[in-house]
Structure formats: C-alpha cells, structure tokens
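What follows is a single structure, written as structure tokens, with notes after it.
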Amino acid sequence: MASGRTYRRHRGGHRAIAFIGMMILVGLLTSTPAAFAQYPTKPQIFKDGTAILIQDYASVPISSLRLNGPYPAPIDYHGQLGKVNTLRSEPANAPLSSTRLFVIGQNGILYILNIKTKEFTPYIDFGKIFPRFNTDPNLGMGLVSIEFDPGYAKNGKFYTVHTENPRMPGAGDTPSNASLPTLNLDGFTTTAAINPPLGVALYESIIMEWTDTNIKDSTFEGTAREVLREGTNFPRHPMGTMLFNPLARSGDSDYGNLYVCAGDGEAGERPGITHPIPQRLDALQGKILRITPDITLRPKDMLSSNGRYRIPSTGPDPNPFVTISMARPEVFAYGLRNPHEISWDKVTNTLIAADIGNHSWEEVNIITKGSNYGWAEREGPDVTYVNGPNGGRVGSQLTPPVPIPSPDTLVVEGLDKPVTPVYPVAAFSHQEGLAIGTGFVYRGKLMPQMEGKYFFSDIATGRLFYTDLAEMLADSKLPNKQAEIHELQIMYKSPYGTSQDEEKRRMFDIVKDAFAHKGGIAVKNCVLPDGSSSAEGGLIACGGRGHGLDPYGVEYGGGRADVRLAMGGDGEIYILSKADGMIRKMISVVSAPPASKTASAQ
C-alpha cells in the first residue's frame, strides 16, 4: 500500500520449474471476451464512455523522505510533495465522525483533516516518537495504515502500521514522548521481531495499538502498546492495510479479529533461499494474517509467542493452519506478493485484496480462508520465473508460450496434499500500467450508476479502472477467466487553466500540473518524481530511457503520478496522489462520448 515495486534483473544459476501435463493457455485478460494465447503486445483496456467528474478536495502539507538522517527531513521539491497514503473515517458512532477524516502522511504524520475547513492538524508524529522510524527506500516504507477498533467510540482504540530500520545508526529502540507529552509511555516495551525463516531480516513493520482517552481532541492523549513486530528480508513490500470484519458483532466468532496485509518483503522475486517464503506456512511474509489484539476477548484462544495478541483457534471459525505444528498460526491466506490493500464489501460479505505484481501482471483477488494465491510460482493468470534465461517473465511471454500445468498444483510444506492455487478474479498486464492501487466496491450515493462496481487505480500512470463485482464473483478463482476491466474517463476543471468548464483529462496530467504549481521541480527526462523506481520497458521511466505512451499514443512524460483510492465512511471515493500531495473526490457520473483509440484521445 502502500506500496511499490522494484525492477531488477537477477543474474545467477538457472531456476527450473517442472510442469506436469499440457493445457492451452486461454483467457488472459482482455477488455473483450476474446482470449489471448500469449502475453498482450499492446494495451487491451480502453475507455468505454463512462466518465466521472472529480474535484480538488484538500492539499496535504508538504513533506519529504527521511533518508536515515534528521527528522523531519528538509523539503525536497524534486521529490514527491506530500505522500498521502490513505484516509479513514472514524466509526459512525464516534462523536466527531461526520466532521473529520484521519489522513496518513507516509513520511511520518497522522493528520486529522477538518471536513469543513480542509485544515490538517498533526495528531501523531511518528518520526518524533520512534527513533528508528524509516521511509527509506521510498514507496511502501514509512507510516502505512490505520484501522479503528470496532469498539472505538467507547474504548478509543485504534491500530497503525509503520516501518523501522533496526540498523539505523545512533537510534535506540525506545520511543519518546518529548514532542507529545500527552502520550503516556509508562510500562511501554517493544517485542521481539518475528523474522522470516530464511535470510537476514533488515527492516521491520510494527503494528501499534493506541488508546485515546479523549477522542474529541485533535491531538492524541493516552497510551500506546506494541502488538506485533515483523521482520522482512528486503526494503519493500512491508505490512499494508488492516481491517476488522465490518459485519461481525459482539459475540460473533470473527468479532475483534484484525486482518492484516503482510507483503513478502521482496523475498519471492529473488532467486535463492528467500524465494519460497510467500509459499511457506512458517513465515508471516506474503500472507493475509488474522489476529485478535484484545487478549481478554476469547481467553481460550491461542496466545501469541510475544503475549500481545491471540490467534483464532477455538470455536466455529479457527485460523486454517492452527493445527499444523510447523505453521505460523496467524496465517489466514498465503501466496501473495504485495497485497498492500484489502477492502470488505459489506453487501456481499467479500474480502478483496489488490496485489501488486512483479514484471507482468497486476491482480485483484477475492480472499478466502486457507487459500493459496500462487506467488512466487504464479503471477496473474500465469506461471512465473525469477531466474535463468526466463527470469522476470511469465509463461505466456515465452516463445512458444508455456501453459499453466494441468492439473495445476503446488506442493506446500506441512500440507499432506498438493494445493491448487487460486487465480485472480481480475488482472491487467504491464501493457496497461505498473502497479495496482487500492480498490473499493462503490456503495455511495453520489454515483448511483456505479453501484457494485469495484474501483481501483494504476499507481504509476494514474489510470482509473472499474470492474463489476458480480462478474468477479461469478468468475472467482478460474485461471482462464477474469472479469472485464474498463478505464474511466476523467472530467476535471483545472484551477490553473483558463477554461470555465470541465475538460477531459488524464490523471497523470492533472497531477503533473499541480506538482508544478505547488513548487515541484522536474528532474531531467521527467515531469514527475519517479518514486525511486524505474519502469521496465520505459513506460514512465526517467533518465533518458523513454517516457512511454498511454493506450492512445500520448506520451506520459516521465515519472509516476502515484495515485491510490480511498473510501470515506459515507461510501464515497477519494483519489490520493503522492507526487502533488493532493486529495480529490469523485463527484458524479457525467455524460461523455467514448474515447477513440487514437493519439488525440485524452
């Protein structure tokens, strides 16, 4: 979620993958029912005439990365101006839920945003409290996510994820309340990191529990408790968002259980000993976890190894691997790369994850208990390679294409029988974008035409997509059939232009204009910061490697818009962009003719 990607070419010995049987590889994603027998060589997703009006909503305070030095870091106008990562509404029964939003600035500050005035007030500054707080490398590291306890209105509890560098020179591991005297740290202790079973853990993701004694105040006052500290081998794909089941009520077996996105820490895409970690049940990395932070809630459930949470292990709905001695009992689902965002559609009781792929496919997955989503042996509707002459490619990119095995199974240590991997319900290739952003099923009131549509973005290019939840559910888990994806047209009235009317715009260009007008300085061969990544194939790469074209033949210009979506408590959709530090809102569906597949189409 945060989220990011690394583009590396690995050298070394060949890693072979054995396949059993033959099967014609059909149904790779297109925007029509037609099937591909090979990886697409050009874009397949186009605008279908559905257009949305978006408006500027709020401008996030400018901040910069902490590069293992002083905090806060000096403002760097060559970089992303405000790394707005997510926003959340408090539960509806909280006294101020209708007047404010909680906004995460990934560079370190959790803000309260006044809905009326659009003013940001720092609520907790993580960089001043945690001496090893870390945002370097860029993309997924820093302050990541927030989730409110189902009893927040009465108990003031909420949870956050942030990242730390345990090797940061001169930094201790004891938090400080010098900048926030209302934070009571009496009795606070850290926990031992749960590290991957293989390789060296270099970075850590931390789940914190906060108890605010006055949830009407705009500055935190209360206590903090460390719940879980997870190590990762490499500097990307940390923990992401967290969710409580919104349909569970007190007394239900799933009430108070926290679902946690745990990225693979880049382990799966590297050859060698870390490669199998997403498939290993004795590792937290590359998983969806389920834990119970309140250890008094169900005292018969298993207590965690650090004593700070319990694991659902009794009653009608235990975690799937609690009876397997070698497995981590926290694991709910596995075989994921960077599931940085999960969302829960209450109408259909569906848990959906946006999982950032490696070099070829971006995935939307419906998460079910105990399921294996294939990574790092599968990517999208495909087999994948991480080393040797085919390293970084998938089977349908090879000549001739290598099909999915039939029967398609994976051997998982600790399980008696081979497992059939679950394939994404929607996917797009890297002809369309580079990194899937956050996604939500629309249930708001401003756009009734889009009821039941799953909105999501491509982080890098800023393209906005939707697909139909009913179609995703109908096609669930089939390797050769994914739901049809459509691109949204965007109508926007620029505050910097001369036109008095809304115009068709690309999200990339909207962000580019705001970046420049807020003082952003473009680097050579880039119109936007590149987020410390370069795009394979030059789709948006800087440094003279080509800028790439959108599906209509128009150049992007270099850099990444870094666009994600968020959903407010009222079900409406917000568009967050890190490059320009802006929050925008989807206002309505408007009439617009279908975009033609020509270079003039915007």
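If you filter region 559-581 down to residues that are part of a loop (DSSP other than H, G, I, E, B) and under 16 Å from A435 (Cα atoms), you find that the one that is farthest from the chain's Cα centre (by Cα) is G559. Can you find a residue in region 199-211 that is crowded, with 16+ Cβ neighbours inside 10 Å, touching a helix residue (DSSP H, G or I) at 6+ places or on another chain (Cβ under 7 Å) and more than 22 Å from R100 (Cα to Cα)? Checking region 199-211: not a single residue is crowded, with 16+ Cβ neighbours inside 10 Å, touching a helix residue (DSSP H, G or I) at 6+ places or on another chain (Cβ under 7 Å) and more than 22 Å from R100 (Cα to Cα).
For the criterion of being at pLDDT 95 or above, of a type in the set (D, E, K, R) and buried (at least 21 other Cβ atoms within 10 Å of the Cβ), D186 fails. Candidates Y111, Y77: the one that is on the phi < 0 side of the Ramachandran plot, crowded, with 18+ Cβ neighbours inside 10 Å and aromatic (F, W, Y) is Y111.
Scanning for something in a loop (DSSP other than H, G, I, E, B), at pLDDT below 95 and basic (K, R), does region 47-60 turn up at least one residue? Checked against the condition, which is being in a loop (DSSP other than H, G, I, E, B), at pLDDT below 95 and basic (K, R), region 47-60 yields no hits at all.
If you go through region 410-439 and keep only what is aliphatic (A, V, I, L, M) and free of Cβ contacts under 8 Å to residues at least 24 places away in the same chain, you end up with just V411. Summed over region 195-219, the residues that are closer than 12 Å to V161 by Cβ and among the hydroxyl-bearing types (S, T, Y) give a count of 1. The set of residues in region 370-385 that are crowded, with 23+ Cβ neighbours inside 10 Å and assigned to a loop (DSSP other than H, G, I, E, B) comprises Y373, G374, W375, A376, E379, G380, P381, D382, Y385.
Residues that are hydrophobic (A, V, I, L, M, F, W, C) and closer than 20 Å to H359 by Cα: list the strands (runs of 3 or more DSSP E) wholly contained in region 427-530 that include at least 1 such residues. The qualifying strands (runs of 3 or more DSSP E) are 436-441, 453-458, 464-468.
Scanning region 580-602 for residues that are buried (at least 17 other Cβ atoms within 10 Å of the Cβ) and either at pLDDT below 95 or among the charged types (D, E, K, R) (or both) turns up D580, R584, K585, A592, A595, A601.
Consider region 393-402 and keep the residues that are in contact with a Ser or Thr (Cβ under 8 Å, 6 or more places away or on another chain) and assigned to a loop (DSSP other than H, G, I, E, B). The one that is nearest to A267 (Cα to Cα) is R393.
To keep it simple, each residue is scored yes or no on (1) buried (at least 16 other Cβ atoms within 10 Å of the Cβ); (2) at pLDDT below 95; (3) more than 20 Å from G433 (Cβ to Cβ).
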position: S499; (1), (2), (3): no, yes, yes
position: D509; (1), (2), (3): yes, no, no
position: A516; (1), (2), (3): no, no, yes
position: G519; (1), (2), (3): no, no, yes
position: V527; (1), (2), (3): yes, yes, no
position: G538; (1), (2), (3): yes, yes, no
position: A541; (1), (2), (3): yes, yes, no
position: G546; (1), (2), (3): yes, yes, no
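Checking R308, R290 one by one, the residue that is part of a loop (DSSP other than H, G, I, E, B) and either under 25 Å from R337 (Cβ atoms) or at pLDDT 95 or above (or both) is R308 and no other.
For region 429-446, a residue qualifies if it is of a type outside the set (D, E), surrounded by 21 or more Cβ atoms within 10 Å (Cβ to Cβ) and more than 16 Å from the chain's Cα centre (by Cα), and the qualifying residues are S429, H430, Y442.
The residues listed here are E487, E451; of these, the one that is acidic (D, E), buried (at least 21 other Cβ atoms within 10 Å of the Cβ) and at pLDDT 95 or above is E487. Would region 330-342 turn up any residue that is assigned to a loop (DSSP other than H, G, I, E, B), hydrophobic (A, V, I, L, M, F, W, C) and within 30 Å of T41 (Cβ to Cβ)? Scanning region 330-342, I find at least one residue that is assigned to a loop (DSSP other than H, G, I, E, B), hydrophobic (A, V, I, L, M, F, W, C) and within 30 Å of T41 (Cβ to Cβ), so the answer is yes.
Within the set E330, E266, the sole residue that is in contact with a His (Cβ under 6 Å, 6 or more places away or on another chain) and acidic (D, E) turns out to be E266. Residues in region 114-151 that are of a type in the set (A, V, I, L, M, F, W, C), outside any loop (DSSP other than H, G, I, E, B) and either at positive phi or under 16 Å from the mean Cα position of the chain (by Cα) (or both): L143, V144, I146.
For region 401-415, give me each residue that is surrounded by 14 or more Cβ atoms within 10 Å (Cβ to Cβ), closer than 20 Å to R280 by Cβ and aliphatic (A, V, I, L, M). Residues satisfying the conditions are L410, V412, L415.
The values are calculated or read from the model by the stated rules, or taken from the named source; none is laboratory data. What you see is a predicted model; the values in this text were computed from it and never measured. No Cβ is skipped: glycine too gets one built from the backbone with ideal geometry, and neighbour counts run over all protein chains shown.
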